[in-house]
1. Would you point out which residue out of 237, 231 is without any contact (Cβ under 8 Å) to a residue 60 or more places away in the chain, more than 16 Å from the chain's Cα centre (by Cα) and either under 19 Å from residue 146 (Cβ atoms) or surrounded by 18 or more Cβ atoms within 10 Å (Cβ to Cβ) (or both)?
2. Among the residues of region 252-278, which ones are under 20 Å from residue 11 (Cβ atoms) and either among the hydrophobic types (A, V, I, L, M, F, W, C) or at pLDDT below 95 (or both)?
3. On the basis of being free of Cβ contacts under 8 Å to residues at least 60 places away in the same chain, open to solvent by 60 Å² or more (accessible area, probe 1.4 Å) and farther than 16 Å from residue 13 by Cα, does residue 86 make the cut?
4. Can you tell which of 247, 199 is out of contact with any Lys or Arg (no Cβ under 7 Å at 6 or more places or on another chain), surrounded by 20 or more Cβ atoms within 10 Å (Cβ to Cβ) and part of a loop (DSSP other than H, G, I, E, B)?
5. Among (1) modelled with pLDDT of 95 or more; (2) in a loop (DSSP other than H, G, I, E, B); (3) hydroxyl-bearing (Ser, Thr, Tyr), which single condition is residue 25 missing?
6. For region 121-136: of the residues being more than 23 Å from residue 38 (Cβ to Cβ) and touching a helix residue (DSSP H, G or I) at 6+ places or on another chain (Cβ under 9 Å), which is most open to solvent (accessible area, probe 1.4 Å)?
7. If only one of 76, 7 is more than 17 Å from the chain's Cα centre (by Cα) and of a type in the set (A, V, I, L, M), which one is it?
8. Inspect all residues belonging to region 155-174 and state whether any of them is more than 24 Å from residue 283 (Cα to Cα), in contact with a Lys or Arg (Cβ under 9 Å, 6 or more places away or on another chain) and either free of Cβ contacts under 8 Å to residues at least 24 places away in the same chain or open to solvent by 60 Å² or more (accessible area, probe 1.4 Å) (or both).
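The values are calculated or read from the model by the stated rules, or taken from the named source; none is laboratory data. Since this is a predicted model, take the numbers as computed values, not measurements. All Cβ positions, even for glycine, are placed from backbone atoms using ideal geometry, and neighbour counts span all protein chains on display. Accessible surface areas use protein heavy atoms only, side chains included; no ligands, DNA or RNA. Shrake-Rupley method; radii C 1.70, N 1.55, O 1.52, S 1.80 Å.
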Amino acid sequence: MTSDLRLALGPVPYYWPRELLCAFYAAMAEAPVAVVYLGEQVCSRRHEMRLEDWLEIADRLAAHGKEVVLSSQALLESEGDLKLLRRVVENGRYRVEANDMSAVRLLSGQACWVAGPHLNIYNPQTLGLFAELGATRWAAPIEVTRQVLAGVLASRPAGVEAEVFAYGRLPLAFSARCFTARRFNLQKENCEYRCGDFPDGLPLKTGDGVPFLILNGIQTQSARVYCLLQELPALRELGVNLLRVSPHSQNMPEVLAVLRACCDGALSPQEALEDLAPLMPEAPCNGFWHNRAGLEQAYFHPS
(Lines give C-alpha, C1' and ligand atoms only; values in the text may rest on other atoms or scores of the structure.)
Protein backbone atom coordinates (compact mmCIF):
# COMPACT_ATOMS: atom_id res chain seq x y z
CA MET A 1 0.00 0.00 0.00
CA THR A 2 1.43 3.38 -1.00
CA SER A 3 0.32 6.36 1.05
CA ASP A 4 -0.86 9.67 -0.36
CA LEU A 5 0.44 11.40 2.77
CA ARG A 6 3.95 12.83 2.51
CA LEU A 7 6.20 13.55 5.48
CA ALA A 8 7.68 17.03 5.86
CA LEU A 9 10.52 17.67 8.30
CA GLY A 10 10.17 21.05 9.98
CA PRO A 11 13.14 23.31 10.74
CA VAL A 12 15.33 22.39 13.70
CA PRO A 13 14.08 24.69 16.47
CA TYR A 14 17.09 24.32 18.77
CA TYR A 15 20.55 25.86 18.74
CA TRP A 16 22.75 23.00 17.59
CA PRO A 17 26.41 23.35 16.62
CA ARG A 18 27.21 23.36 12.94
CA GLU A 19 28.74 19.88 13.02
CA LEU A 20 25.62 18.39 14.57
CA LEU A 21 23.36 20.12 12.05
CA CYS A 22 25.43 18.91 9.11
CA ALA A 23 25.44 15.34 10.43
CA PHE A 24 21.72 15.50 11.13
CA TYR A 25 20.84 16.60 7.61
CA ALA A 26 23.23 14.06 6.09
CA ALA A 27 21.11 11.42 7.84
CA MET A 28 17.89 13.13 6.72
CA ALA A 29 19.02 12.87 3.10
CA GLU A 30 18.43 9.13 3.42
CA ALA A 31 15.31 9.39 5.59
CA PRO A 32 11.75 8.82 4.26
CA VAL A 33 10.79 12.49 4.15
CA ALA A 34 9.64 14.23 1.00
CA VAL A 35 10.03 17.84 2.16
CA VAL A 36 12.68 19.43 4.39
CA TYR A 37 12.30 22.91 5.88
CA LEU A 38 15.60 24.64 6.65
CA GLY A 39 16.74 27.74 8.45
CA GLU A 40 16.70 29.55 11.77
CA GLN A 41 13.09 30.14 12.73
CA VAL A 42 13.55 31.07 16.40
CA CYS A 43 16.36 33.56 17.12
CA SER A 44 18.59 35.63 14.85
CA ARG A 45 21.31 35.82 17.52
CA ARG A 46 22.17 32.19 16.81
CA HIS A 47 25.23 32.41 14.63
CA GLU A 48 26.47 28.89 13.85
CA MET A 49 24.89 28.90 10.39
CA ARG A 50 24.86 31.57 7.70
CA LEU A 51 22.38 31.62 4.83
CA GLU A 52 25.12 30.28 2.57
CA ASP A 53 25.52 27.29 4.89
CA TRP A 54 21.79 26.56 4.77
CA LEU A 55 21.85 26.79 0.98
CA GLU A 56 24.74 24.34 0.84
CA ILE A 57 22.74 21.85 2.92
CA ALA A 58 19.72 22.55 0.74
CA ASP A 59 21.68 21.65 -2.39
CA ARG A 60 22.76 18.35 -0.86
CA LEU A 61 19.21 17.46 0.14
CA ALA A 62 17.84 18.45 -3.25
CA ALA A 63 20.41 16.17 -4.88
CA HIS A 64 18.81 13.33 -2.90
CA GLY A 65 15.38 14.17 -4.27
CA LYS A 66 14.07 16.20 -1.34
CA GLU A 67 11.93 19.27 -1.80
CA VAL A 68 13.64 22.02 0.19
CA VAL A 69 11.85 25.01 1.69
CA LEU A 70 13.61 27.88 3.49
CA SER A 71 11.72 28.90 6.64
CA SER A 72 11.61 32.52 7.75
CA GLN A 73 11.73 33.66 11.37
CA ALA A 74 8.48 33.77 13.29
CA LEU A 75 9.38 36.94 15.22
CA LEU A 76 11.48 39.66 13.62
CA GLU A 77 12.86 42.38 15.88
CA SER A 78 15.45 44.42 13.98
CA GLU A 79 16.54 45.78 10.64
CA GLY A 80 19.18 43.06 10.58
CA ASP A 81 16.41 40.47 10.77
CA LEU A 82 14.67 42.15 7.84
CA LYS A 83 17.87 42.22 5.78
CA LEU A 84 18.30 38.48 6.26
CA LEU A 85 14.64 37.90 5.42
CA ARG A 86 15.08 39.77 2.14
CA ARG A 87 18.05 37.57 1.26
CA VAL A 88 16.03 34.44 2.04
CA VAL A 89 13.12 35.62 -0.10
CA GLU A 90 15.47 36.52 -2.95
CA ASN A 91 17.50 33.28 -2.79
CA GLY A 92 16.29 32.35 -6.30
CA ARG A 93 16.62 28.59 -5.78
CA TYR A 94 14.17 27.34 -3.16
CA ARG A 95 10.64 27.95 -1.98
CA VAL A 96 10.18 30.07 1.12
CA GLU A 97 7.89 29.54 4.10
CA ALA A 98 6.48 32.81 5.44
CA ASN A 99 5.98 32.86 9.19
CA ASP A 100 5.13 36.51 9.73
CA MET A 101 3.48 39.25 7.69
CA SER A 102 6.73 40.97 6.72
CA ALA A 103 7.67 37.79 4.85
CA VAL A 104 4.20 37.69 3.28
CA ARG A 105 4.64 41.25 2.05
CA LEU A 106 7.98 40.45 0.44
CA LEU A 107 6.64 37.25 -1.13
CA SER A 108 3.36 38.73 -2.39
CA GLY A 109 3.05 38.32 -6.13
CA GLN A 110 5.59 35.53 -6.27
CA ALA A 111 4.38 32.01 -6.92
CA CYS A 112 4.61 28.82 -4.89
CA TRP A 113 5.49 30.05 -1.41
CA VAL A 114 4.29 28.39 1.79
CA ALA A 115 1.97 30.05 4.29
CA GLY A 116 3.56 28.88 7.54
CA PRO A 117 1.89 27.72 10.75
CA HIS A 118 2.51 31.00 12.58
CA LEU A 119 0.39 33.15 10.23
CA ASN A 120 -2.88 32.41 12.06
CA ILE A 121 -4.98 31.28 9.10
CA TYR A 122 -8.15 29.82 10.57
CA ASN A 123 -10.83 30.22 7.90
CA PRO A 124 -11.22 29.68 4.14
CA GLN A 125 -11.59 33.39 3.41
CA THR A 126 -8.19 34.16 4.89
CA LEU A 127 -6.63 31.19 3.13
CA GLY A 128 -8.15 32.43 -0.12
CA LEU A 129 -6.51 35.83 0.40
CA PHE A 130 -3.09 34.24 0.92
CA ALA A 131 -3.62 32.06 -2.15
CA GLU A 132 -4.28 35.20 -4.18
CA LEU A 133 -0.93 36.52 -2.95
CA GLY A 134 0.85 33.42 -4.26
CA ALA A 135 0.76 30.82 -1.48
CA THR A 136 0.40 27.27 -2.79
CA ARG A 137 0.75 25.43 0.53
CA TRP A 138 -0.92 26.12 3.86
CA ALA A 139 0.69 24.81 7.03
CA ALA A 140 -2.18 24.88 9.51
CA PRO A 141 -1.73 26.49 12.94
CA ILE A 142 -0.39 23.96 15.41
CA GLU A 143 -3.46 24.08 17.68
CA VAL A 144 -5.98 23.53 14.86
CA THR A 145 -8.87 21.21 15.72
CA ARG A 146 -10.40 18.69 13.38
CA GLN A 147 -13.50 20.86 13.09
CA VAL A 148 -11.54 23.99 12.17
CA LEU A 149 -9.42 22.11 9.66
CA ALA A 150 -12.49 20.60 8.05
CA GLY A 151 -14.09 24.03 7.75
CA VAL A 152 -11.06 25.53 6.03
CA LEU A 153 -10.46 22.63 3.68
CA ALA A 154 -14.10 22.40 2.64
CA SER A 155 -13.52 25.59 0.63
CA ARG A 156 -9.82 25.26 -0.05
CA PRO A 157 -8.62 27.31 -3.04
CA ALA A 158 -7.56 25.25 -6.04
CA GLY A 159 -3.89 24.38 -6.14
CA VAL A 160 -3.24 24.86 -2.41
CA GLU A 161 -1.77 21.95 -0.46
CA ALA A 162 -2.58 21.40 3.22
CA GLU A 163 0.05 20.50 5.79
CA VAL A 164 -0.65 19.59 9.42
CA PHE A 165 1.73 19.48 12.39
CA ALA A 166 1.57 15.78 13.26
CA TYR A 167 4.61 14.92 15.40
CA GLY A 168 6.93 16.80 17.72
CA ARG A 169 7.02 19.26 20.55
CA LEU A 170 4.50 22.01 19.88
CA PRO A 171 5.89 25.53 19.33
CA LEU A 172 3.42 27.29 21.62
CA ALA A 173 4.70 30.87 21.72
CA PHE A 174 7.45 33.31 20.80
CA SER A 175 8.46 36.28 22.94
CA ALA A 176 10.77 39.26 22.66
CA ARG A 177 12.23 38.07 25.97
CA CYS A 178 14.70 35.17 26.08
CA PHE A 179 13.56 32.83 28.82
CA THR A 180 16.69 30.67 28.67
CA ALA A 181 18.89 33.71 29.31
CA ARG A 182 16.60 34.84 32.12
CA ARG A 183 16.88 31.41 33.74
CA PHE A 184 20.62 32.09 34.18
CA ASN A 185 20.17 35.76 35.18
CA LEU A 186 21.53 36.99 31.85
CA GLN A 187 20.32 39.76 29.58
CA LYS A 188 19.13 38.74 26.13
CA GLU A 189 21.81 40.92 24.53
CA ASN A 190 24.47 39.08 26.56
CA CYS A 191 22.88 35.63 26.67
CA GLU A 192 26.13 33.68 26.27
CA TYR A 193 24.13 31.50 23.87
CA ARG A 194 23.06 29.33 26.78
CA CYS A 195 20.31 27.71 24.71
CA GLY A 196 23.15 25.87 22.96
CA ASP A 197 23.68 23.90 26.17
CA PHE A 198 20.28 22.24 25.77
CA PRO A 199 19.97 20.33 22.47
CA ASP A 200 16.27 19.65 23.16
CA GLY A 201 15.50 22.78 25.13
CA LEU A 202 15.40 23.46 28.88
CA PRO A 203 12.67 21.44 30.64
CA LEU A 204 10.24 23.23 32.94
CA LYS A 205 8.22 21.20 35.45
CA THR A 206 5.18 21.98 37.55
CA GLY A 207 5.42 22.29 41.31
CA ASP A 208 4.52 18.60 41.46
CA GLY A 209 7.47 17.67 39.25
CA VAL A 210 5.42 16.96 36.12
CA PRO A 211 7.05 17.93 32.77
CA PHE A 212 5.09 20.91 31.44
CA LEU A 213 6.99 23.18 29.04
CA ILE A 214 10.31 23.47 27.23
CA LEU A 215 12.19 26.77 27.23
CA ASN A 216 14.05 27.27 23.96
CA GLY A 217 15.40 30.79 23.92
CA ILE A 218 12.53 33.10 22.96
CA GLN A 219 10.34 30.10 22.10
CA THR A 220 8.16 28.12 24.49
CA GLN A 221 7.35 24.54 23.52
CA SER A 222 5.22 21.78 24.97
CA ALA A 223 7.07 19.18 27.02
CA ARG A 224 4.87 16.43 25.61
CA VAL A 225 5.18 15.26 22.02
CA TYR A 226 2.21 16.01 19.81
CA CYS A 227 1.30 12.95 17.74
CA LEU A 228 -1.64 12.51 15.36
CA LEU A 229 -0.94 8.97 14.15
CA GLN A 230 -4.34 7.83 15.39
CA GLU A 231 -5.97 10.47 13.20
CA LEU A 232 -4.56 9.32 9.85
CA PRO A 233 -7.97 8.21 8.48
CA ALA A 234 -9.47 11.60 9.33
CA LEU A 235 -6.49 13.49 7.91
CA ARG A 236 -6.83 11.59 4.64
CA GLU A 237 -10.58 12.11 4.53
CA LEU A 238 -10.12 15.86 4.99
CA GLY A 239 -7.63 16.01 2.11
CA VAL A 240 -4.42 16.73 4.00
CA ASN A 241 -1.34 16.36 1.81
CA LEU A 242 1.60 16.56 4.21
CA LEU A 243 2.33 15.73 7.83
CA ARG A 244 4.90 17.96 9.51
CA VAL A 245 7.43 16.39 11.87
CA SER A 246 9.40 18.64 14.23
CA PRO A 247 12.95 17.39 14.96
CA HIS A 248 14.53 16.55 18.28
CA SER A 249 18.11 15.48 18.82
CA GLN A 250 17.66 11.74 19.36
CA ASN A 251 16.29 8.86 17.27
CA MET A 252 14.90 10.90 14.37
CA PRO A 253 15.74 8.35 11.62
CA GLU A 254 13.94 5.68 13.65
CA VAL A 255 11.00 7.99 14.36
CA LEU A 256 10.61 8.83 10.69
CA ALA A 257 10.78 5.16 9.71
CA VAL A 258 7.92 4.38 12.10
CA LEU A 259 5.84 7.31 10.88
CA ARG A 260 6.40 6.32 7.26
CA ALA A 261 5.49 2.70 7.97
CA CYS A 262 2.26 3.80 9.63
CA CYS A 263 1.33 6.10 6.75
CA ASP A 264 1.98 3.24 4.32
CA GLY A 265 -0.14 0.80 6.32
CA ALA A 266 2.74 -1.46 7.36
CA LEU A 267 1.98 -0.59 11.00
CA SER A 268 -1.34 0.18 12.63
CA PRO A 269 -1.54 3.49 14.53
CA GLN A 270 -1.57 1.58 17.81
CA GLU A 271 1.50 -0.45 16.82
CA ALA A 272 3.26 2.69 15.64
CA LEU A 273 2.54 4.53 18.90
CA GLU A 274 3.94 1.62 20.88
CA ASP A 275 7.06 1.59 18.69
CA LEU A 276 7.46 5.35 19.12
CA ALA A 277 7.08 5.34 22.91
CA PRO A 278 10.76 4.56 23.69
CA LEU A 279 11.92 6.98 20.96
CA MET A 280 10.04 10.02 22.28
CA PRO A 281 11.64 12.52 24.68
CA GLU A 282 8.33 12.66 26.59
CA ALA A 283 4.85 11.12 26.55
CA PRO A 284 2.53 11.84 23.59
CA CYS A 285 -0.44 14.21 23.47
CA ASN A 286 -3.14 15.10 20.94
CA GLY A 287 -5.56 17.27 22.88
CA PHE A 288 -5.72 20.22 20.47
CA TRP A 289 -7.04 18.02 17.65
CA HIS A 290 -9.95 16.99 19.87
CA ASN A 291 -10.65 20.55 21.06
CA ARG A 292 -9.33 19.72 24.50
CA ALA A 293 -6.36 20.86 26.57
CA GLY A 294 -3.33 20.41 24.35
CA LEU A 295 -1.39 18.24 26.79
CA GLU A 296 -4.12 15.59 26.95
CA GLN A 297 -3.78 12.27 25.16
CA ALA A 298 -7.04 10.84 23.89
CA TYR A 299 -7.72 7.22 22.99
CA PHE A 300 -4.26 5.81 23.56
CA HIS A 301 -3.61 3.13 26.14
CA PRO A 302 -0.07 1.70 25.94
CA SER A 303 0.20 -2.07 26.32
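1. 237
2. The answer is 252, 255, 256, 259.
3. So residue 86 fits the description; yes.
4. 247
5. (2)
6. 122
7. The match here is 76.
8. No, there is no match, as no residue in region 155-174 is more than 24 Å from residue 283 (Cα to Cα), in contact with a Lys or Arg (Cβ under 9 Å, 6 or more places away or on another chain) and either free of Cβ contacts under 8 Å to residues at least 24 places away in the same chain or open to solvent by 60 Å² or more (accessible area, probe 1.4 Å) (or both).
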